[in-house]
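Encoded as structure tokens, the structure appears first; notes follow it.
A short reminder: the numbers here are calculations on the coordinates, not readings from a lab. The model shown is predicted, which means the values in this text are computed figures rather than measured ones. Cβ placement follows ideal geometry from the backbone for every residue including glycine, while neighbour counts extend to all protein chains displayed.
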Amino acid sequence: MAESPPYTGQIYRLRASAPMPISGGRLVLHTFGGELSDIELYECTLSLPRSNEFRGQGLGGNLVSASYSRLGDLEGHFQGRKQYAPAYIDERDIF
């Protein structure tokens, strides 16, 4: 299997507190923005990210997480994903 280009996309995470009870047995959710992160999904790759690509590990690192698994039948090939540092956004701009 040859190295394939990554699939790119975005993930959204709502930043919120735990639900709070209000009168009448209802709950209210207090939100304080959202996070929008770019991701790259790799079906087959030969390279893994270096430590200095992560935020806090070097100058200009922009990754917050990465997860890879070795493809068992192919020596030196991996599949996985990278997640880049989020942009903090107002959740009303999305929905």
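Below are the figures for this structure:
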item	result
Estimated translational D of the chain in µm²/s (Stokes, Kirkwood radius over Cα pairs; 20 °C; 1.002 mPa s)	135
Relative exposure of TYR7, TYR42, TYR68, judged by other C-beta atoms within 10 Å (fewest first)	TYR7, TYR68, TYR42
Cα→Cβ-extended label distance, 7 Å offset, between LEU27 and ARG13, nm	2.0
DSSP-assigned coil residues among trypsin sites (Lys or Arg not before Pro) in region 8-78, each with at most 10 further Cβ atoms within 10 Å	ARG26
Principal axis dimensions, largest first and in whole angstrom, of region 1-48 by Cα	60, 18, 15
Dipole axis of region 7-93 (+1 Lys, Arg; -1 Asp, Glu on Cβ), positive-most option in ILE89, HIS30, SER47	HIS30
